[in-house]
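The values are calculated or read from the model by the stated rules, or taken from the named source; none is laboratory data. Being a predicted model, the structure only gives us computed values, none of them experimental. Ideal geometry is used to build each Cβ from the backbone, glycine not excepted, and the neighbour counts take in all protein chains shown.
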Amino acid sequence: MADQSEVEAVLVGLVGAAVYPAGVLAPSVLGRVVRVYRGWPVGAALDRDLAAGHVNITVFPDASGQVATTRWPDGYEVPVVAVPTVTVGVAGETVTIGGDVAPGQVVGLLVDNVAVVHRTVAGDTADCVVAVLAAYLREVRIVTVSGSTLVVPGAGAVLARVVADQTAVRQTRRQRQNFRVTCWCPDPLTRDAAAGVVDGVLSVRSFVGLPDGLSGRLRFVSSTVFDQTQDAALYRRDLVYSVEYATTVVQVLPSMIFGDATLAPEGAGVVQSLLG
């Protein structure tokens, strides 16, 4: 589910990538050391950074809190359809397994009314999948195995399929929340440059992608400059952006592999169910 902390982390990631476009091992676009992080800075650490000429950019939830923007209850949706990466090929009595044997897929064989399936787990290989399916089939049939290929001698009808688990998401509520992106800088010129980088990367976006696969609506709210007389070494500018995002629950749904299968000669009607 998308949470306030995840929204903050996304904003930190966007700002950090803009400040260090070539990575953190390369110089920042400001020509100074820049620390980008969630939360409010610790006073002593900030003072040391400012004295050394470093910049801090923080992302913190604004004190204005959240506003509920739920419009209607939603059912479960599949934001991205998972496509199986395991491949199966059938040539007469021979079945060959290939592709990327990633977890969360179901490989199945239907051989003359006998169905066998294997759910892939971490560490599985094509040879492993074939070995497991062959072991199930050997309870009722003769099966030979060679690497990622198995043969069922005398099989009249062989059907092979692969399906993948689907991740479904349901929005339980929506909320709009302001986030304060603050540039803590040692001089006015650096402050202006840092704020320009932050505003540049956020203002061009209408939406930000969130870890649950949905997007949050991003909008500019305000900008405030603080030149605090009590600390001559601190030059600060706050940029406030609102993000409207959903709180979601996620459920993994298994896919049906053999719902119905029939055998029909070309040009004829259905003559036999393979699931009988």
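Okay, here's what the table says:
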| item | result |
| --- | --- |
| Selected residue (criterion: farthest from S255 (Cα to Cα)) from residues of the stretch 38-84 that are within 25 Å of the chain's Cα centre (by Cα) and among the hydroxyl-bearing types (S, T, Y) | T58 |
| Single condition W184 does not satisfy, out of (1) over 30 Å from L46 (Cα atoms); (2) surrounded by 19 or more Cβ atoms within 10 Å (Cβ to Cβ) | (1) |
| Where a residue in the stretch 106-123 is without any contact (Cβ under 8 Å) to a residue 60 or more places away in the chain and its partner, wherever it lies, is polar (S, T, N, Q) and assigned to a strand (DSSP E or B), with Cβ under 6 Å and at least six apart | T120/Q105 |
| Only listed residue being without any contact (Cβ under 8 Å) to a residue 60 or more places away in the chain, touching an Asp or Glu at 6+ places or on another chain (Cβ under 7 Å) and not charged (D, E, K, R), chosen from G156, G196 | G156 |
| Filtered residue count, the stretch 202-235, keeping only those that are crowded, with 18+ Cβ neighbours inside 10 Å, outside any strand (DSSP E or B) and modelled with pLDDT of 95 or more | 1 |
| Any hit, the stretch 66-88, residues being closer than 15 Å to T182 by Cβ, surrounded by 12 or more Cβ atoms within 10 Å (Cβ to Cβ), touching an Asp or Glu at 6+ places or on another chain (Cβ under 9 Å) and of a type in the set (A, V, I, L, M) | no |
| Top-ranked residue in the stretch 173-215 [being of a type in the set (S, T, Y) and farther than 17 Å from D227 by Cα; ranked as farthest from the chain's Cα centre (by Cα)] | S203 |
| Exclusive hit being of a type in the set (V, I, T), at pLDDT 90 or above and touching a Pro at 6+ places or on another chain (Cβ under 8 Å), set V140, V106 | V106 |
| In the stretch 150-196, residue farthest from F207 (Cα to Cα) [restricted to those that are part of a strand (DSSP E or B) and in contact with a helix residue (DSSP H, G or I) (Cβ under 7 Å, 6 or more places away or on another chain)] | L150 |
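For (1) assigned to a helix (DSSP H, G or I); (2) in the same structural domain as F179 (by TED's automatic domain parsing); (3) touching a His at 6+ places or on another chain (Cβ under 8 Å), each residue gets a yes or a no:
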| residue | (1), (2), (3) |
| --- | --- |
| D47 | yes, yes, no |
| G53 | no, yes, no |
| T58 | no, yes, no |
| A63 | no, yes, no |
| V81 | no, no, no |
| I97 | no, no, no |
| V106 | no, no, yes |
| V121 | no, no, no |
